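Trainee: Quick one: this structure, given as structure tokens, is what I'll be asking you about.
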Amino acid sequence: MIVKASIISLSLLLSPFMAYAHGDEDHSEQSHTPQSGTMATMGLGEKPQRLPDGSVFMPKATQHKLALRTLVSSESRVAQTLELNGHVVMDPNTSGLVQPLQAGRLMAGPNGLPMLGQRVRKGEVLAQVIPSVSAIDLANQQTQIADWQVRVQLAQKELARLQSLANSVPRKDIDAAKSEVAALHAQMKALKKGVTQAELLLSPVDGVIASATAINGQVVESKEVLFEIIDPQRLMVEAFAYDPGIAARVVSANIQGEKGDLSFVGSGRALREGSIPLLFRTNNATNLVLGQPVKLIAQTDQYAQGVVLPISAIVKNAANEPIVWLHEAPESFRAESVQVQPLNSDQVVVSGLKPQQRVVVKGVTLLNQIR
């Protein structure tokens with residue numbers, strides 16, 4: 001009886017190992033091989049890895065380290081958009097140019113030459129231009145001055161003669177002679193200043209110096225742009241469209257990578273290098289500079305259905321196609337190909353997703369790099 005009891009006890013101890021046996025099969029590497037499907041997450045350990053079916057296994061601890069965040073997808077009615085190329089231009093009502101009317105030598109104003117970024121007031125003297133005078137012009141001026149000096153002397157002698165005959169000459173003749181002498185003095189004074197008087201360059205608007213090419217003592221030409229003055233809060237963006245129907249459908253726009261909306265001002269009625277110019281006004285844009293090339297996302301008056309997602313949720317696969325990552329199980333993620341259309345500077349409209357799917361919107365780049 002003692003021997004029989006020992007045999008029964010030994011068989012009970014060995015029973016757990018015998019339950020997993022399957023003939024002569026080799027199980028030495030089977031437990032370490034990833035498998036597709038939901039069962040693939042069993043026995044994979046704590047290391048993130050991509051499974052043969054393209055999905056990614058990622059333990060919860062790693063998800064917390066990578067700060068993954070998801071968003072439940074839902075369809076909504078959004079405006080259709082267009083991508084346009086453009087550049088930043090100045091607002092003609094709040095900006096201005098400073099140009100001399102004549103050639104000459106540039107000199108600083110009473111407050112010195114303004115620097116880039118300096119704020120100026122309307123009517124402030126920014127610089128002055130001393131006209132360039134040739135030897136012939138200077139000789140002609142001196143000849144005319146000498147001629148006027150003779151006229152002044154003759155007028156003064158006539159005035160003195162009339163004043164000596166004040167008792168027999170009408171008072172009006174004496175007053176006329178005085179007026180003629182004063183007029184000749186004023187004309188001669190204006191003639192002396194006419195060629196050498198400096199031209200004052202005034203600020204046409206209140207604003208900030210956007211560009212300055214002025215140097216003290218510089219010789220400038222007529223109509224040369226020396227200063228550009230802008231209001232940084234009220235710049236404009238000029239975009240270009242190649243379809244005349246686009247101008248009738250545009251409502252507003254956004255600059256890609258910039259916050260804030262652009263209000264649509266209007267469109268041109270004449271082609272410029274084969275395209276139609278569209279003008280937008282910025283609203284409190286502080287990161288734009290004149291001439292900066294920008295990409296616009298213009299919203300139209302037409303609508304479509306789609307899932308709105310942050311632009312950070314979109315990544316590219318090996319075939320350079322846009323994809324999103326879906327959180328299908330607690331530790332399983334799957335890539336899904338989608339069609340993407342920009343909505344504004346921060347969001348995109350995605351088609352190809354079903355409602356109530358959990359889409360990864362943060363940490364997607366790190367998730368996409370797992371191999």
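The values are calculated or read from the model by the stated rules, or taken from the named source; none is laboratory data. Being a predicted model, the structure only gives us computed values, none of them experimental. Using ideal geometry, Cβ is built from the backbone for each residue, glycine included, and neighbour counts are taken over all protein chains shown. These area figures cover heavy atoms from the full protein model, side chains too; ligands, DNA and RNA do not enter into them. Shrake-Rupley method; radii C 1.70, N 1.55, O 1.52, S 1.80 Å.
Trainee: Give just the number: which of (1) open to solvent by less than 60 Å² (accessible area, probe 1.4 Å); (2) more than 30 Å from residue 283 (Cα to Cα) does residue 240 not satisfy?
Mentor: (2)
Trainee: For residue 109, indicate whether it is over 25 Å from residue 255 (Cα atoms), in contact with a Leu (Cβ under 8 Å, 6 or more places away or on another chain) and open to solvent by 10 Å² or more (accessible area, probe 1.4 Å).
Mentor: Yes, satisfied.
Trainee: Looking only at residues that are among the polar types (S, T, N, Q) and outside any loop (DSSP other than H, G, I, E, B) in the range 110-141, which one is modelled with the highest pLDDT?
Mentor: Only one residue tops the list, namely 128.
Trainee: Could I ask something else about it? Tell me, please, whether a residue that is open to solvent by less than 60 Å² (accessible area, probe 1.4 Å) and in a helix (DSSP H, G or I) can be found in the range 163-173.
Mentor: no
Trainee: Considering only the range 46-62, how many residues are small (Gly, Ala, Ser) and without any contact (Cβ under 8 Å) to a residue 40 or more places away in the chain?
Mentor: 1
Trainee: Hey, does the range 214-226 have a residue that's at pLDDT below 95, part of a strand (DSSP E or B) and either in contact with a helix residue (DSSP H, G or I) (Cβ under 9 Å, 6 or more places away or on another chain) or not aliphatic (A, V, I, L, M) (or both)?
Mentor: No, the range 214-226 has no match at all.
Trainee: While we're here: Restricting to the range 312-337, what's the tally of residues that are touching a strand residue (DSSP E or B) at 6+ places or on another chain (Cβ under 7 Å) and over 18 Å from residue 355 (Cβ atoms)?
Mentor: Qualifying residue count, the range 312-337: 12.
Trainee: Can you report the number of residues in the range 48-80 which are of a type in the set (S, T, N, Q) and assigned to a loop (DSSP other than H, G, I, E, B)?
Mentor: The qualifying residues number 3.
Trainee: Looking at 359, 308, which is the one that is crowded, with 18+ Cβ neighbours inside 10 Å and touching a residue at least 12 places away in the same chain (Cβ under 8 Å)?
Mentor: After applying the criteria, what remains is 359.
Trainee: Sticking with this one: Return yes or no: is residue 326 over 31 Å from the mean Cα position of the chain (by Cα) and open to solvent by less than 70 Å² (accessible area, probe 1.4 Å)?
Mentor: The answer is yes for residue 326.
Trainee: Pairs only if they're at least six apart or on different chains, beta carbon under 6 angstrom, first in the range 118-139 and of a type in the set (D, E, K, R), second modelled with pLDDT of 85 or more; list them, first residue then second.
Mentor: 119/208; 121/206; 122/203; 122/205; 122/206; 124/203
Trainee: Which residues, taken from the range 243-253, are touching a residue at least 40 places away in the same chain (Cβ under 8 Å) and open to solvent by 50 Å² or more (accessible area, probe 1.4 Å)?
Mentor: Passing the criteria: 249, 251.
Trainee: Could you pull out the residue among 302, 256, 233 that is open to solvent by 30 Å² or more (accessible area, probe 1.4 Å), within 30 Å of residue 366 (Cα to Cα) and modelled with pLDDT under 90?
Mentor: Matching residue, one of 302, 256, 233: 256.
Trainee: I've got another one for you. Could you tell me whether residue 144 is open to solvent by 70 Å² or more (accessible area, probe 1.4 Å), touching a helix residue (DSSP H, G or I) at 6+ places or on another chain (Cβ under 8 Å) and not in a strand (DSSP E or B)?
Mentor: The answer is yes for residue 144.
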